[in-house]
Amino acid sequence: MDDVLSALQARLGTLFGDRLVVLAGGTRLSSRAGELHQLGARHTLVLSTDDHAPLHDSDVARWVPLGIAGGFVAVEQNRLTKLLTSPNRKVREVLEDFDPRCEALVISTPYVHTPEFAGRPVLNARRPEWVELENKTTIDALWDELSAPRAPAVVLGLDFEGLWAATESLDRGAGVVWSGDGPAINGGANFVRRVRDRQEAQDAFDVLAAKCDFVRVMPFLEGIPVSVHGIVFPDGTAVLRPIEMVVPRRAGQARFLYAGCASYYDPPAWIREEMRNLARRVGERLRETVDYRGTFTLDGIATADGFLPTEINTRYGGAMVCFEDALPQLPLALVQVALVAGHDLGVSSIEFEELLVSAADDYRHGSVGANVRAVHPTEVVERSIVFTEWSCRFAHPDETPHGVLRLRPSPLGARLELDFYADQLPLGRPVVALTVAAFALADQEWGTALGPLEPAVPVADGAAAAKVVVAEPTAVTA
């Protein structure tokens, strides 16, 4: 492991050493600036979308808040893209003062597709042919090319009667899911709806018709939403461990609540291997057809029939934080930047895979939370919590907590965050049901008004069945 880490850090040092670097938006910016400093960067300019700068070391980074943060990723990214393509006078002055010779390297968010910023190269800019692969209404062609098992699906234009006919045809008794192609930034289940009757179909149509050109209809699949990341190197594809996508269902509604990701869940071994094998084949196809480099996510559902894929995201996914925290001495986000920019990292894909999978299997982590509009706190509120079967309560002072529930101010109103203590969780169990219980507690005690939620039901077989307690999904209310 030490040899691989040393080789990676040495190669990254040749890319960033003695260079000026601009971090234009993104998350974990303090960590990125610190990593660049350790790699020998001369200085870093942080252009944060927030409206204030955190405490920071001015010898490591110069911090300039832009004040363009939005409650939704798409809103914030659109504002940032506009700034990258047409920087205002203030930003140009800051850039010229920091980098008068126009020689700095620029790193932006995983969504970025702008190749340069005021004449400076954006290292991690995605190519148009990579971005196009995220279209949920065309991805089934890739599964068919790879002969991968998938759920039946129909893609139609904005024809309500046609979509309703497809719904009736594909419904297996639990309804169907409509997925719109949506805008370029389409995540967090924004354009995904569950349809069980004609009224839900009409409601979904009204939402999708305003933003989408095409809609994919497929049966609703019972199981745990999961994702597996592949990282495409010049010599092959490194494939990581599965990650649970924490997506409760809104009881009595067509919408889902995307609540983040976590690595505590272990799908049955045969599903894990199905996921990883398909991800490797997808990575190789992307490398062959569009010269892809870097991270992608393969998303789908772990069902009783195995892993059924639904989409890919050709970018560094939010769930990569689980791997960053599993191996903090590896500047993983900068590895992504170097790969996308076409640099040789000096290690093989299999060496990288073995390093990261081993670390992530040993260290479990999660990033779980939800935006809240009903309350507007002015300071952070935090309480320790305890789970009892499928319920949740605040912990007593004298008992060991299972996690922390936190409510913090945000541009939308508030952000509800849930941290789990890994050593207090049953090994291998998904956290979606625990999330539903914790969010119900927040509704009850803090008035977050997320409403009744239902957890997905995990697949159990063999050894996995002994670890996972499967309960009937019931709405949990405050």
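For the reader, a short list of remarks on this structure follows.
- Of all positions in region 399-410, none carries a residue that is hydrophobic (A, V, I, L, M, F, W, C), modelled with pLDDT under 90 and in contact with a helix residue (DSSP H, G or I) (Cβ under 8 Å, 6 or more places away or on another chain).
- Restricting attention to region 100-114 and to residues that are under 21 Å from the mean Cα position of the chain (by Cα) and in a loop (DSSP other than H, G, I, E, B), the residue that is farthest from residue 309 (Cα to Cα) turns out to be 114.
Residue-by-condition table, conditions (1) in a helix (DSSP H, G or I); (2) at positive phi; (3) more than 21 Å from the chain's Cα centre (by Cα):
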{"residue": "285", "(1), (2), (3)": "yes, no, yes"}
{"residue": "288", "(1), (2), (3)": "yes, no, yes"}
{"residue": "319", "(1), (2), (3)": "yes, no, no"}
{"residue": "342", "(1), (2), (3)": "no, yes, yes"}
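- For region 295-305, the condition of being at pLDDT 95 or above, farther than 24 Å from residue 219 by Cα and either crowded, with 21+ Cβ neighbours inside 10 Å or in contact with a strand residue (DSSP E or B) (Cβ under 8 Å, 6 or more places away or on another chain) (or both) holds for at least one residue.
- Residues that are open to solvent by less than 10 Å² (accessible area, probe 1.4 Å) and either under 15 Å from residue 390 (Cβ atoms) or part of a helix (DSSP H, G or I) (or both), drawn from region 419-429: none
- Within region 109-137, the set of residues being among the hydroxyl-bearing types (Ser, Thr, Tyr) and farther than 19 Å from residue 194 by Cα comprises 109, 111, 114.
Every residue, every condition in (1) out of contact with any Pro (no Cβ under 9 Å at 6 or more places or on another chain); (2) more than 30 Å from residue 338 (Cβ to Cβ); (3) at pLDDT 95 or above; (4) not hydrophobic (A, V, I, L, M, F, W, C), yes or no:
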residue: 202; (1), (2), (3), (4): yes, yes, yes, yes
residue: 209; (1), (2), (3), (4): yes, yes, no, no
residue: 213; (1), (2), (3), (4): yes, yes, no, yes
residue: 217; (1), (2), (3), (4): yes, yes, yes, no
residue: 244; (1), (2), (3), (4): no, no, yes, yes
residue: 252; (1), (2), (3), (4): no, yes, no, yes
residue: 260; (1), (2), (3), (4): yes, no, yes, yes
residue: 278; (1), (2), (3), (4): no, no, yes, no
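- Just one residue in the set 117, 191 is within 23 Å of residue 249 (Cα to Cα), in contact with a strand residue (DSSP E or B) (Cβ under 6 Å, 6 or more places away or on another chain) and touching a residue at least 12 places away in the same chain (Cβ under 8 Å); that residue is 191.
The values are calculated or read from the model by the stated rules, or taken from the named source; none is laboratory data. A quick note: this is a predicted structure, and the numbers were derived from the prediction, not measured. Backbone-built Cβ (ideal geometry, glycine too); neighbour counts: all protein chains shown. Ligands, DNA and RNA are excluded from the accessible area calculation, which covers all protein heavy atoms including side chains. Shrake-Rupley method; radii C 1.70, N 1.55, O 1.52, S 1.80 Å.
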